[in-house]
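The values are calculated or read from the model by the stated rules, or taken from the named source; none is laboratory data. Nothing here was measured: the structure is a model prediction, and the numbers come from that model. Here the Cβ positions follow ideal geometry from the backbone for every residue, glycine too, while neighbour counts run over all protein chains shown. To get the accessible areas, we keep the full protein, side chains included, count just its heavy atoms, and leave off ligands, DNA and RNA. Shrake-Rupley method; radii C 1.70, N 1.55, O 1.52, S 1.80 Å.
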Amino acid sequence: MVKTESGVFHMIRKQFNQWAEQKAGPLRTLHITTEPVNHGHVDEHYIPDPSTGFVHESEYAMGQVTVWESRQMEVEVINIETEELILWKYIEQIEDETPDFDELLQGYFQVLQTGVNA
């Protein structure tokens, strides 16, 4: 567990946050922007299962990945033109102590780049 200015920040969320920040540069070269989900100034002590999320946007699609302290993960992608939900995936429990987010999100980024769930 790691302390942050807003309180407690568990390891899975820290790992995801570091991965997302490192991935932002390479994603820019693919014309995909990365923005953290802003929860405002919420005291996480009052949230039973706090989350960390990032929004990604390409020319064709907009997606969001959310990782909860309980090790759950949700992924969704919407086609910008049709506003259709083209990908939704829920992982009840990220098993690995040091997850490979590149591997877990490979399909997500593929759909994000093309705007199509092949």
*Taking θ as phi - 60°, what are the ³J(HN,Hα) couplings along region 108-118 by the Karplus curve (6.51, -1.76, 1.60), each to the nearest whole Hz, with x for Gly and Pro?*
4, 5, 5, 5, 4, 6, 9, x, 9, 9, 6
*Dipole magnitude of the chain about its Cα centre, charges +1 at Lys/Arg Cβ and -1 at Asp/Glu Cβ only, in debye to the nearest 20?*
280
*Of all accessible surface on the chain at a 1.4 Å probe, what whole percent is carbon and sulfur?*
51
_the chain: relative contact order in percent, alpha carbon pairs under 8 Å with at least 6 residues between_ = 21
*Write down the accessible area per residue of the chain in Å², having rolled a 1.4 Å probe over the full set of protein chains.*
64
*Looking at (i) 1.97; (ii) 1.17; (iii) 1.07, which value of Cα Rg over 2.2 N^0.38 Å comes from a calculation on the structure shown?*
(iii)
*What order do 71, 13, 28 take when sorted by accessible area (1.4 Å probe), most exposed first?*
28, 71, 13
*With all protein chains present, calculate the accessible area of residue 73 using a 1.4 Å probe and round the result to the nearest 10 Å².*
0
*In degrees from 0 to 90, rounded to the nearest 10, what is the angle of the helix 11-29 Cα long axis to the longest principal axis of the chain?*
30
*Sparse-neighbourhood loop sites, GluC sites (Glu not before Pro) in region 67-118 - DSSP loop, at most 16 other Cβ within 10 angstrom*: 81, 83, 84, 92, 95, 97
